[in-house]
Amino acid sequence: MAFNELLDDLDDSASVQAAGIRRGYGGPPARSVAVKRGLARLRCASLLKPLYAWVSADRIGDAARWRRHAEPAVVVSSNADTLNLWLAVGPGVILDDIRQRTGVAWSPPNGDPSRFGSVEVAADEVATAYAALAQSAFAGDPVAASILEWMRQVAAEQAFGAREALRSSEAGIKCGWYGAPDETCLRTHAVALLPRGGTRVTVVVGMTALPYTGGREREVYRERVGKGLPVEQEHEKLAGALLRELMATTLAELGG
């Protein structure tokens, strides 16, 4: 399916992005693809948690403590453990370290810097940053390698079918999903890392912010969030099929 077929029939208030990178020494020339509809930048939800975990390792002297919070932040998308890393190191420091390692510059959210999921990003930036993480892992960075292995352990219920859409059972996956009280949309995002041998890597990113305006549905959603209950099924119902098509189309455009 082509991107225009996916995007043309969306609601006018929807925002959708997809991006991919294929690169690495010894392989074909680097290739990238990106498409946007709607807002130029979207709140990241939990999409950046592996990057936060990666750079925070050098800032937390106790390796056992770092792992105790970093692993669940990636594997089960634990907000409490992510917040522990985010606040212990500091949002500005974490984002600046990401910039130094990946070349991608992001800023803490203006309203409340403690809200790690409100960093605004573009899909092509996310792809660039994760390509750097993956290639660092393949080049021997032990922390990056641990992060990538944890991404491979993300369970199906938090992967929104990304591995199946990309036909890669070994892909490292991280998804982000949330609908804040000040938003009339649900954000559902995913990044996939597909190793190609050596330091070669393919990265595929899909991001959606789709309208979610039903009063009763929003009320039930907020109640579930407040009680700590899962809401992935609501995101799957609203955005799952589109997210998978975006990622599959991006991979096809990369020639993967």
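The values are calculated or read from the model by the stated rules, or taken from the named source; none is laboratory data. Worth saying up front: this structure is predicted, and the values here are computed from it rather than measured. Here the Cβ positions follow ideal geometry from the backbone for every residue, glycine too, while neighbour counts run over all protein chains shown.
Any idea which of L10, L83, L87 is surrounded by fewer than 18 Cβ atoms within 10 Å (Cβ to Cβ) and outside any helix (DSSP H, G or I)?
Every option except L10 fails the conditions.
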Write out, first by first residue and then by second, each pair whose Cβ atoms fall under 7 Å of each other, whose residues are 6+ apart or on separate chains, and whose first residue, in the stretch 200-216, is part of a strand (DSSP E or B) while the second is surrounded by fewer than 16 Cβ atoms within 10 Å (Cβ to Cβ).
P211/D11; P211/S13; P211/T184
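Results for (1) at pLDDT below 95; (2) closer than 20 Å to G117 by Cβ; (3) small (G, A, S), shown as yes or no for each residue.
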position: E164; (1), (2), (3): no, no, no
position: T199; (1), (2), (3): yes, no, no
position: R218; (1), (2), (3): yes, yes, no
position: A239; (1), (2), (3): no, yes, yes
position: A252; (1), (2), (3): no, no, yes
Boolean, W177 is touching a residue at least 12 places away in the same chain (Cβ under 8 Å), touching a strand residue (DSSP E or B) at 6+ places or on another chain (Cβ under 6 Å), among the aromatic types (F, W, Y) and buried (at least 21 other Cβ atoms within 10 Å of the Cβ)
yes
Confirm whether V119 is under 16 Å from the mean Cα position of the chain (by Cα) and under 21 Å from G24 (Cβ atoms).
no
Flag for A156 being modelled with pLDDT of 95 or more and buried (at least 23 other Cβ atoms within 10 Å of the Cβ)
no
Here the qualifying pairs (Cβ atoms under 6 Å; residues six or more apart or on different chains; first in the stretch 4-29 and more than 19 Å from T208 (Cα to Cα); second of a type in the set (S, T, N, Q) and buried (at least 16 other Cβ atoms within 10 Å of the Cβ)) come out as R22/T202; G24/T199; Y25/T199
Picking from S169, S146, which residue would you name as being in contact with a Lys or Arg (Cβ under 6 Å, 6 or more places away or on another chain) and polar (S, T, N, Q)?
S169
Look at T184 and say whether it is of a type in the set (S, T, Y), in contact with a Pro (Cβ under 7 Å, 6 or more places away or on another chain) and surrounded by fewer than 19 Cβ atoms within 10 Å (Cβ to Cβ).
yes
Cβ-Cβ under 8 Å, sequence separation 6+ or interchain: first residue in the stretch 109-134 and within 10 Å of V204 (Cα to Cα), partner basic (K, R). Which pairs?
A123/K36; A131/R23
Do we have L51 as buried (at least 19 other Cβ atoms within 10 Å of the Cβ), in contact (Cβ under 8 Å) with a residue 40 or more places away in the chain and in a loop (DSSP other than H, G, I, E, B) here?
no
Evaluate the following for A239: is it crowded, with 23+ Cβ neighbours inside 10 Å, assigned to a helix (DSSP H, G or I) and of a type in the set (G, A, S)?
yes
Can you say whether S32 is touching a Pro at 6+ places or on another chain (Cβ under 9 Å) and either surrounded by fewer than 20 Cβ atoms within 10 Å (Cβ to Cβ) or over 24 Å from A127 (Cβ atoms) (or both), as far as the supplied structure shows?
no
Enumeration of residues in the stretch 113-162 that are of a type in the set (G, A, S), under 20 Å from G240 (Cα atoms) and part of a helix (DSSP H, G or I)
G117, A123, A127, A156, A162
Could you pull out the residue among L48, L39 that is more than 19 Å from C175 (Cα to Cα) and either basic (K, R) or modelled with pLDDT of 95 or more (or both)?
L39
